[in-house]
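Before any comments, here is the structure.
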Amino acid sequence: MTAPKTSAKRLKSTKDTSMTFPLAPDDLGPTICVGEILVEIVATTTGNGFAEAQPLIGPFPSGAPAIFIDQCGRIGGAAAMIGAVGDDDFGRVNTGRLARDGVDVSAISVDAEYPTGTAFVRYRADGSRDFVFNIAKSAAARFGLAAPVEAVIARAGHIHVMGSALTMPSAREVIGCAVARIKARGGSLSVDPNLRKELRADAETRALFERLVAQADLLLPSGEELEVAAGVTGEGAALARLFALGVKEIALKRGGAGASVFAADGSRTDCAALSVQERDPTGAGDCFGGAYVACRRLGMPVAQALAYANAAGARNVTFLGPMEGAGSRAELDAFIAATPRVAR
């Protein structure tokens with residue numbers, strides 16, 4: 001599969017050399033993300049599970065790494081995805097969307113034997129969700145260090161790691177290789193814990209996660225993930241522990257309370273939440289991360305990057321489908337202008 005051609009002009013880095021940026025500039029090479037590529041199919045009724053026949057809508061392109069990298073490309077950052085899909089319409093839904101949004105899809109392999117991964121989702125009355133996944137026995141888990149993957153890693157300037165991908169042996173191998181090579185050429189690493197129960201139960205996965213956190217230039221936790229990543233309780237103690245490990249910047253997603261960015265020099269930047277009518281929360285944190293990483297790599301100061309990230313997450317929840325609301329810079333500007341902030 002070849003890299004996409006896009007008529008959209010790539011945003012130039014606006015980096016102010018008088019400021020300290022924890023991430024390698026966009027000009028060094030694309031941000032890459034490794035992991036599961038899925039389609040999501042959503043029940044249109046509210047209830048518990050899938051024990052009864054019911055109407056469904058989809059397929060929507062999905063997978064936490066794919067959502068992240070799509071938003072990265074949409075906002076103007078150089079971006080590439082590593083993963084696999086089946087030789088089916090579900091796979092083409094994903095590669096077509098990513099390519100359209102400016103993501104290099106040359107390192108997405110097409111598996112002739114296994115189908116594209118799937119996630120069936122049904123919302124309960126309280127807003128929680130039931131999932132039926134097929135990842136481990138799908139194309140999503142079947143990729144490795146093939147020549148196209150090696151080529152993308154060789155020119156990448158940044159790698160973003162999602163915790164969900166660490167449960168896949170194929171992704172762990174590629175991530176380990178990519179982190180070492182990208183850091184060696186002056187690139188950077190961001191980590192979104194995106195914790196799943198497997199991450200806490202499996203000792204090998206947990207150990208890899210801890211090593212990645214210790215190497216991270218940027219951490220993007222949500223809520224309690226900050227304390228889990230640090231291994232200590234209390235926000236202040238967790239921040240101190242992570243900065244002591246070498247993390248340079250932490251963007252903490254607080255949901256309805258907005259978001260905060262903390263730097264190793266002790267500075268803090270807060271951004272209030274935007275008041276929106278939530279339609280589908282899946283993918284909000286991934287869009288936040290994709291926008292924040294891309295904006296920081298393009299040289300934006302913290303406050304500006306955080307405003308775009310906050311808007312990207314908020315805008316996405318107003319759409320049905322986990323990456324349907326991923327916004328361009330112009331779309332996010334308009335959304336910010338039209339959307340009131342939640343009063344603190």
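Report, by residue number, each residue of the stretch 246-268 that is open to solvent by 40 Å² or more (accessible area, probe 1.4 Å) and either touching a helix residue (DSSP H, G or I) at 6+ places or on another chain (Cβ under 7 Å) or not basic (Lys, Arg) (or both).
Selection gives GLY255, GLY256, ALA257, ALA264, ASP265, GLY266, SER267.
Restricting to the stretch 210-239, and then to whatever is within 19 Å of SER188 (Cα to Cα) and out of contact with any strand residue (DSSP E or B) (no Cβ under 8 Å at 6 or more places or on another chain), can you tell me which residue is most open to solvent (accessible area, probe 1.4 Å)? Lay out the reasoning, then the answer.
First, pick out the residues of the stretch 210-239 that are within 19 Å of SER188 (Cα to Cα): 210-221, 229.
Going one step further and asking which of them are out of contact with any strand residue (DSSP E or B) (no Cβ under 8 Å at 6 or more places or on another chain), we end up with 210-211, 214.
Details: GLU210: 94, ARG211: 134, ALA214: 43 Å².
So, considering only residues that are within 19 Å of SER188 (Cα to Cα) and out of contact with any strand residue (DSSP E or B) (no Cβ under 8 Å at 6 or more places or on another chain), the one most open to solvent (accessible area, probe 1.4 Å) is ARG211.
Only residues that are under 19 Å from SER188 (Cβ atoms) and among the aromatic types (Phe, Trp, Tyr): list them for the stretch 290-341, please.
Of everything in the stretch 290-341, those that are under 19 Å from SER188 (Cβ atoms) and among the aromatic types (Phe, Trp, Tyr) turn out to be TYR292, TYR308.
Rundown of residues vs (1) part of a loop (DSSP other than H, G, I, E, B); (2) open to solvent by 60 Å² or more (accessible area, probe 1.4 Å); (3) of a type in the set (Phe, Trp, Tyr); (4) out of contact with any Gly (no Cβ under 9 Å at 6 or more places or on another chain), yes/no style:
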| position | (1), (2), (3), (4) |
| --- | --- |
| GLN304 | no, yes, no, yes |
| ALA309 | no, no, no, no |
| ARG315 | no, no, no, no |
| PHE319 | yes, yes, yes, no |
| PRO322 | yes, no, no, no |
| ALA326 | yes, no, no, no |
| ALA343 | yes, yes, no, yes |
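Here is a check on your reading of the model: is VAL110 in contact (Cβ under 8 Å) with a residue 60 or more places away in the chain, of a type in the set (Val, Ile, Thr) and in contact with an Asp or Glu (Cβ under 8 Å, 6 or more places away or on another chain)?
Values: in contact (Cβ under 8 Å) with a residue 60 or more places away in the chain: yes; of a type in the set (Val, Ile, Thr): yes; in contact with an Asp or Glu (Cβ under 8 Å, 6 or more places away or on another chain): yes.
When the stated conditions are applied, VAL110 passes them.
Within the stretch 177-201, can you find the residues that are modelled with pLDDT of 65 or more and touching a Gly at 6+ places or on another chain (Cβ under 6 Å)? Break it down into steps so the answer makes sense when it comes.
Keep residues of the stretch 177-201 that are modelled with pLDDT of 65 or more, which gives 177-195.
Correct list: GLY187, ASP192, PRO193, ASN194, LEU195.
For the stretch 43-82, which positions are more than 22 Å from VAL174 (Cα to Cα), aliphatic (A, V, I, L, M) and either out of contact with any Pro (no Cβ under 9 Å at 6 or more places or on another chain) or buried (at least 24 other Cβ atoms within 10 Å of the Cβ) (or both)?
Within the stretch 43-82, ALA51, ALA53, LEU56, ILE57, ILE75 qualify.
Considering every residue within the stretch 129-139, establish whether at least one is within 18 Å of the chain's Cα centre (by Cα), at pLDDT 95 or above and on the phi < 0 side of the Ramachandran plot. Walk me through how you get there before you give the answer.
Here is the first cut: in the stretch 129-139, the residues within 18 Å of the chain's Cα centre (by Cα) are 135.
Of the ones still in play, those that are also at pLDDT 95 or above are none.
No: zero hits.
Tell me, which strands (runs of 3 or more DSSP E) wholly within the stretch 83-170 include 2 or more residues that are open to solvent by 20 Å² or more (accessible area, probe 1.4 Å) and closer than 25 Å to ASP280 by Cβ?
117-123, 129-134
For the stretch 328-341, enumerate the residues that are among the β-branched types (Val, Ile, Thr) and part of a helix (DSSP H, G or I).
Result: ILE336, single match.
Do the conditions hold for ARG297, that is, is it closer than 27 Å to PRO59 by Cα and either open to solvent by less than 20 Å² (accessible area, probe 1.4 Å) or touching a residue at least 12 places away in the same chain (Cβ under 8 Å) (or both)?
No; evaluated as a whole, the condition is false for this residue.
Determine, yes or no, whether GLU150 is more than 20 Å from the chain's Cα centre (by Cα) and within 14 Å of VAL85 (Cβ to Cβ).
The answer is no for GLU150.
The values are calculated or read from the model by the stated rules, or taken from the named source; none is laboratory data. This is a predicted model, so every value here is computed, not measured. Ideal geometry is used to build each Cβ from the backbone, glycine not excepted, and the neighbour counts take in all protein chains shown. Just the protein is used for accessible areas: all its heavy atoms, side chains included, with ligands, DNA and RNA removed. Shrake-Rupley method; radii C 1.70, N 1.55, O 1.52, S 1.80 Å.
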